Amino acid sequence: MSRRGRPGTRRYTLVDELTREAAIETVLGRMQAGDSFTAATRAAAAQLEVAETTVRGWVNRSGRRPRRTPQQVAALEAELALAQELNRALVRKHAALAEDLSLR
């Protein structure tokens with residue numbers, strides 16, 4: 001079924017080069033502002049009434065999609081591991097407090 005709810009029908013939209021470039025710039029700008037790649041491409045695709053995968057392809061083929069370096073990925077993973085450990089410690093602490101209160 002197509003996006004429009006009609007089985008077996010597809011609607012193709014022709015997009016000129018200027019519009020495509022504007023969509024790429026919009027996605028890159030939204031990512032710079034903090035949106036994920038998925039959210040940014042979804043928004044641009046909705047505005048143009050094209051598939052998200054189409055916009056993803058445009059951005060990827062442009063070669064301008066920001067990528068994290070291995071060092072950035074490692075730092076983010078370390079930060080995540082620390083946050084997870086702190087969260088587990090809080091859960092243990094609050095579980096012990098709750099158990100202590102229930103014994104009274």
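The values are calculated or read from the model by the stated rules, or taken from the named source; none is laboratory data. Note that the structure is predicted; figures quoted are calculated from it, not measured. Note: ideal-geometry Cβ built from the backbone for every residue, glycine included; neighbour counts use all protein chains shown.
If you take the residues in the range 67-82 that are exposed (fewer than 10 other Cβ atoms within 10 Å of the Cβ) and closer than 20 Å to G34 by Cβ, which one is modelled with the lowest pLDDT?
Across the range 67-82, the extreme among qualifying residues is R67.
In the set A39, A46, which member is out of contact with any Lys or Arg (no Cβ under 9 Å at 6 or more places or on another chain) and of a type in the set (A, V, I, L, M)?
Details: A39 fails: out of contact with any Lys or Arg (no Cβ under 9 Å at 6 or more places or on another chain).
Answer to the selection: A46.
Residues checked against (1) in a helix (DSSP H, G or I); (2) assigned by TED's automatic domain parsing to the domain that holds T13; (3) of a type in the set (V, I, T):
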position	(1), (2), (3)
G29	yes, yes, no
T38	yes, yes, yes
A46	yes, yes, no
V59	yes, yes, yes
V73	yes, no, yes
A96	yes, no, no
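When you check R92 against the structure, is it out of contact with any helix residue (DSSP H, G or I) (no Cβ under 7 Å at 6 or more places or on another chain), farther than 30 Å from D16 by Cβ, among the charged types (D, E, K, R) and assigned to a helix (DSSP H, G or I), yes or no?
Yes: the conditions hold for R92.
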